[in-house]
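Values in this text are rule-based calculations from the coordinates and carry no lab data. Everything numeric here is computed off the predicted structure, so don't read it as measured data. Reconstructed Cβ throughout: ideal geometry from the backbone, glycine too, with neighbour counts over all protein chains shown.
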Amino acid sequence: MSDDLMIEVANLTKRYAGNPAVSDISFSVRRGEIVGLLGPNGAGKSTTMRILACYLAATSGTVRVAGLDVFAQSDEVRRRIGYMPENNPLHYDMRVREYLKFRARLKGLSRKHSRARVDVVMEQCGLTEVSRRMIGQLSKGFRQRVGLADALVHEPELIILDEPTIGLDPNQIRVVRQLIKGLGGAHTVLISTHILPEAEMTCHRVVIMYDGRILVADTPGNLQKLMSSRSQVIAEIAAAPEELRECWAQMAEVEQFDVSPAEGEYFRCALTPRDGVDLRPQIFALARERGWPLRELTRSRHSLEDIYVRVTRPEEEEG
Amino acid sequence: MLVFRTLVRRELAGFFLSLGGYIIIAAALFLMGYSFIVILAKLQKPTPMPITELFYITPFFWLILLLTTPVITMRLFAQEKFTGTFETLMTTPVSDGQVVAAKFTAALLFYLVMWLPLLGCLLVVRHQTNDPSALDAGVAASTFLGILLYGGMFLSWGCCASALTRSQAVAAMISLGFGASVFLLGYLASQLPAQEDWQTQVLGSLALFEQMHDFARGIVDTRAVVLLASATFLFLFLTLRVVESRRWK
């Protein structure tokens with residue numbers, strides 16, 4: 001066990017009435033990291049988070065937060081965690097400030113300290129203007145920020161957010177994302193999402209879960225690299241399709257190609273290179289040499305989206 | 001202690017800052033007012049019974065007890081489970097015991113506030129009859145002790161029912177079903193002739209009917225106190241186990 005690990009999950013399994021929701025997963029998160037748990041619905045993200053937050057007990061395996069066991073030292077662990085569950089449940093009959101003070105007191109802050117902290121988190125989450133409004137009357141974006149403020153109010157070392165941007169409009173998503181990004185460093189953050197750009201933009205590391213197992217765990221950059229070795233080059237050229245096919249077939253660096261008619265007289269060529277070679281300069285040189293009109297030449301960058309689809313649905317993709 | 005106080009205050013706010021709480025109080029008040037009219041009618045003729053007993057022998061005591069306790073308790077856990085706030089509550093450093101104790105305490109406090117108008121009714125009657133013997137302080141105290149103990153038992157069972165489910169309606173039905181069964185058993189016990197066989201004996205010791213009648217007459221029977229208090233603790237213990245069950249289910 002080392003000091004700079006915030007979360008250590010080893011061989012964690014959780015079964016609901018015999019059905020495994022999480023099977024034998026292991027991962028760890030360092031202090032100050034922002035880690036994204038990614039996966040489709042039912043992948044076991046929420047279950048993993050609920051176990052980390054001491055709401056559910058694991059069927060087997062060990063889970064440690066800041067070196068403390070979540071089952072045996074649950075009280076200590078809960079003091080260190082700020083948790084926002086899926087769908088962000090709140091007491092709609094309370095006012096924002098009143099709710100946050102109530103939560104701060106529950107988390108063991110003194111009256112004076114809780115008052116000061118509530119002011120700080122309301123400022124941090126942009127809630128000052130609605131502090132006296134009923135939570136039930138707030139927009140979803142504000143409610144989400146109330147949930148975040150609640151997770152932050154006791155200055156936890158670890159913040160666990162289950163789908164923090166679900167159901168928000170793009171503007172609200174940007175605000176919440178910015179907030180989460182700002183938490184890294186001072187706090188360790190674990191967020192779950194099935195929206196990929198979110199993980200790409202906010203997380204230092206991504207853990208992809210599927211069907212209760214971990215498929216990949218790496219930085220978004222490394223996952224990109226992994227995929228870009230197979231990235232295609234798209235070229236739209238106005239030439240006879242037979243001529244194009246012949247050309248590509250002769251080119252040694254091209255592993256696979258596909259020529260299909262595009263708008264106008266152009267043909268769209270999708271070329272897969274061998275060993276990740278960049279084909280673009282060669283294609284351009286060829287087009288100039290033969291006098292082909294060329295209107296597009298791009299290398300497709302794989303977003304996490306493709307990686308996600310690829311690793312979460314390997315069978316269907318290949319089939 | 002701090003957490004317990006915070007939780008009780010929140011629960012009480014849930015009762016008193018919502019329409020639901022006042023509807024319960026209004027319904028109870030209506031029944032008490034009606035029983036008040038009945039008592040006044042009975043007082044036209046001289047009677048040796050204290051007013052509290054007169055009140056008890058109207059059917060309203062049991063009606064209020066059986067109808068309000070499920071409605072008071074149904075919300076406690078079921079609503080929080082339904083909205084999901086139970087999860088945010090249980091992931092703060094509060095113990096399961098504190099949560100159960102706080103919710104029960106708040107329900108009991110609300111229940112006692114609901115019964116306060118009865119004291120008002122009794123005082124009015126006493127004032128009007130000009131007869132100090134009609135309402136003795138001791139008799140009033142024992143009646144309220146009975147109300148407290150019976151309320152504790154039914155409310156603790158209601159807590160357990162509410163912890164079992166996510167639906168408030170189901171919680172209310174479970175606790176109402178229990179309340180009605182206990183009531184009918186007590187009624188049966190009071191109707192049966194005294195016999196030596198063990199069935200009657202067991203039923204007799206559960207005679208909630210007779211026991212409350214004693215409280216209303218100013219008799220505090222320790223057997224009844226022990227029975228009701230231990231039933232309350234048993235049900236609270238069961239509630240705690242139900243709340244804890246998410247950790248081993």
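Structure notes:
- Degrees, to the nearest 10: A:241-250 long Cα axis against longest axis of chain A: 80 degrees
- Cα→Cβ-extended label distance, 7 Å offset, between A:MET201 and A:GLN256, nm: 3.2 nm
- Against chain A, whose longest principal axis is taken from its Cα atoms, helix A:140-152 shows a tilt of about 60°.
- Ranked packing of B:143-149, B:59-65, most packed first, by mean Cβ within 10 Å: B:143-149, B:59-65
- Take the Cα of B:LEU188, step 7 Å toward its Cβ, do the same at A:ALA10, and the gap between the two points is 5.8 nm.
- Ranking of A:THR59, A:THR128 by neighbouring Cβ atoms within 10 Å, starting from the fewest: A:THR128, A:THR59.
- FRET efficiency, 1/(1 + (r/R0)^6) with R0 45 Å, evaluated for B:MET49 and B:GLN195 via beta carbons: 0.95
- Of the GluC sites (Glu not before Pro) in segment B:145-249, the ones in a loop by DSSP (not H, G, I, E or B) with at most 11 other beta carbons within 10 Å are B:GLU196.
- When each of B:MET153, B:MET212, A:MET134 is scored by the number of other beta-carbon atoms lying within 10 Å, the sequence from fewest to most is A:MET134, B:MET212, B:MET153.
- Theoretical FRET efficiency, 1/(1+(r/R0)^6), r = Cβ-Cβ of B:VAL220 and A:GLU157, R0 56 Å, to 0.05: 0.55
- Within the protein assembly as shown, DSSP assigns beta bridges of which about 65% are antiparallel (rounded to the nearest 5).
- C-alpha long axis of helix B:60-73 to longest principal axis of chain B, angle in °: 10 degrees
- The mean number of Cβ atoms from other chains found within 10 Å of a Cβ in peptide A:129-141 is 0, as a whole number.
- Counted by neighbouring Cβ atoms within 10 Å, the residues B:SER175, A:SER26 run from fewest to most as A:SER26, B:SER175.
- DSSP-defined beta bridges in segment A:5-226 - what % are antiparallel, rounded to 5: 50 percent
- Rounded to the nearest 0.05, the FRET efficiency derived from the C-beta distance between A:MET134 and A:HIS113 at R0 = 22 Å is 0.30.
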